[in-house]
Structure formats: structure tokens, C-alpha cells
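Working notes for the structure below.
The values are calculated or read from the model by the stated rules, or taken from the named source; none is laboratory data. For clarity, every value in this text was computed on a predicted model and none was experimentally measured. Here the Cβ is made from the backbone with ideal geometry for all residues, glycine too, and neighbour counts use every protein chain on show.
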Ligand SMILES: [Zn+2]
């Protein structure tokens, strides 16, 4: 992965002169304000913030349907970042490549989501599979967007950045942001009310668990196969057995996976425990079909509310 980035960067430097032509802001084919986002959450936020503002263009580098943790930037992506007025990435373990890219490519403004809200340290609490790679001690968990309250705060801060970049449309950006962040605040209140009445707040995820901020917000105890950004997708037999034990010990009727999961482990576990498999959206990405139909992050989070409120008591 790192070697690949080094090669791409070297190539980007070699072809640097070609890139310069694109820096010319007088060219009419480029948007007045170009926003480039690595993954779906910030793409969705900025799409909402720039709604009805002519001349703004928001791009997502991750292809819809792709696994975000195996993304690597192409030369074209690096050129987009370089020419962006605003580049928004997550920051953290999965975005180490960004630090390298930003050494040579300089968008007008670069923002990391992890810098916009209070972060929680990565934790292996409730994670059953031992990770091969040693985690950096004290590193922040990067999945800040999974808490609706955080999403609301991030939207307001991104709108502030847009207002600074394009002051002529500042009021529209703020108005759009206020309308969208209000939906997340409302959803947060619904989750608070629901979970206040839930007696058993334990869930078992036969998958990765990127929901640390979400769980922290509502006092949910998650037991999962892998940590949030794990590249593992094969659940060892010992871990499968531990997941089964956790389901039985907690008297659960459901087992969860995250969206775009294609493995059959959860089905096997559900069959063995007589439980039903349900999907939770971590919102790293969405399917091509959902992307094209304009599905939003708040809709995906609302699906989580529907799923959890129907399956937890
Ligand atoms: Zn992740």
C-alpha cells in the first residue's frame, strides 16, 4: 500500500507540469468552487450544504459500492485533491496516505473530520479477534460520523469552512447546513429516548465494529468480531464460537452485520443460534444503486433507528 502511494506520488511529481494547467482558475470548464471528499459521510454533508448553489461541485473519491478500507488514490484523484478549493478526509489510521499526498499537493483548504469533534481513543473492548497489526497506543478512533450528534456538529463546521471559501454564498451554506443538521439532532433525540427505555443494551456484530461513537452516545455494549477498520473478513472458528456464546449468554434474538457485507459467517451463526441477521449502516460507503438514486446519510442512519428499535427491547 505505502509502496504504491510512493510510486503514484513520484509519477504525480513527474507529470506535475501537466497538472499546473488545471490550476488556472480562468478555465471555464471547472467549477467555481470544487470540493473533493474521500468517503461518503463528508460527501453527503457537503452535497447538502452546497444544495442549490450554482457552480459548486462536490466529488467523492471512493467509488460507490467499493470497500473504503482498501481504497488507494489514483493519479487522477491526486490531481483532483491538488486542484480542490476544499478537500475533506477523515484523518486517522485509514488516511495515512493523505499526509503523504498533502506534502506535495496543496488544495486551498484541507479538513480532517477527526479534527472537528472530540475523539475517542481506539479500544479493543468487545473485539474478539486478535489483530495482527499492533494498534498505535492512544490513537483516535476515526469513525466520528457514526454518532448523529457528531454528524450535526461536523455539518455546521463544514458549512463555516464553505462560507469562508465562498463568502458570496455564505448565507445559503449556513441555511442548508442548519436544515440538515437539524435532522441529525432530531434523530439523536429519538435514539436517546429509545435507548433510555432499553433494558439489555448488548448487541453482537458478526463483522467489524465501526460504531464506537454511536455506542458511546447511547450506552450500547457491542461485542464484535473485528475492530472498526480491520482488513480481516474471515472470522476464525474460535471467534465464531465466542460470538455464539455471547448471543446465547445475552438471550439475543438478532445478530448484526454492517452494510455491503458479503460473507456468510453471520448466516451460519444466525442458523446455529436461531437468530435473525440484520444490517446496520456504518455509512463509510453505499451501493452504486443507492448512490445514483441520491440516498442520504440521514436516511441510512434512520434505517439504523428502524432496525434497532425493532430488534432491541
Ligand atoms: Zn473505517
Give the range 209-230 a look and list any residue that's without any contact (Cβ under 8 Å) to a residue 60 or more places away in the chain and within 16 Å of the ligand (Cβ to nearest atom), or say none. 215
Those residues that are part of a helix (DSSP H, G or I) and over 28 Å from residue 233 (Cβ atoms), I need them from the range 57-75; list them, please. 75
State whether the residues of the range 255-270 include one that is assigned to a helix (DSSP H, G or I), within 18 Å of the chain's Cα centre (by Cα), under 28 Å from residue 45 (Cα atoms) and not assigned by TED's automatic domain parsing to the domain that holds residue 155. no
Conditions (1) buried (at least 23 other Cβ atoms within 10 Å of the Cβ); (2) away from the ligand (no atom under 16 Å from the Cβ): number failed by residue 150: (2)
Restricting to the range 258-276, name every residue that is modelled with pLDDT of 95 or more and either surrounded by fewer than 17 Cβ atoms within 10 Å (Cβ to Cβ) or within 18 Å of residue 190 (Cα to Cα) (or both). 267, 268, 271, 272, 274, 276
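Are any residues in the range 231-247 over 17 Å from residue 312 (Cβ atoms) and either more than 16 Å from the ligand (Cβ to nearest atom) or assigned to a helix (DSSP H, G or I) (or both), and if so, which ones? Outline the logic, then answer.
Taking the range 231-247 first, the residues over 17 Å from residue 312 (Cβ atoms) are 231-245.
Residues satisfying the conditions are 234, 235, 236, 237, 238, 239, 240, 241, 242, 243, 244, 245.
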Could you count how many residues in the range 61-106 are touching a residue at least 24 places away in the same chain (Cβ under 8 Å) and in contact with a strand residue (DSSP E or B) (Cβ under 7 Å, 6 or more places away or on another chain)? 15
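Can you tell me which residues in the range 107-127 are out of contact with any strand residue (DSSP E or B) (no Cβ under 6 Å at 6 or more places or on another chain), touching a residue at least 40 places away in the same chain (Cβ under 8 Å) and not in a helix (DSSP H, G or I)? Show your work before the answer.
Going residue by residue through the range 107-127, those that are out of contact with any strand residue (DSSP E or B) (no Cβ under 6 Å at 6 or more places or on another chain) are 108, 113, 115-118, 120-125.
This time we only want the ones that are touching a residue at least 40 places away in the same chain (Cβ under 8 Å), so: 108, 113, 116, 120, 122-124.
If the condition is that a residue be out of contact with any strand residue (DSSP E or B) (no Cβ under 6 Å at 6 or more places or on another chain), touching a residue at least 40 places away in the same chain (Cβ under 8 Å) and not in a helix (DSSP H, G or I), then 108, 116, 120, 122, 123, 124 are the ones that fit.
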Residue count, the range 207-230, condition surrounded by 14 or more Cβ atoms within 10 Å (Cβ to Cβ) and part of a loop (DSSP other than H, G, I, E, B), comes to 6
Any residue in the range 227-247 that is under 17 Å from residue 148 (Cβ atoms) and either in contact with a strand residue (DSSP E or B) (Cβ under 8 Å, 6 or more places away or on another chain) or modelled with pLDDT of 95 or more (or both)? no
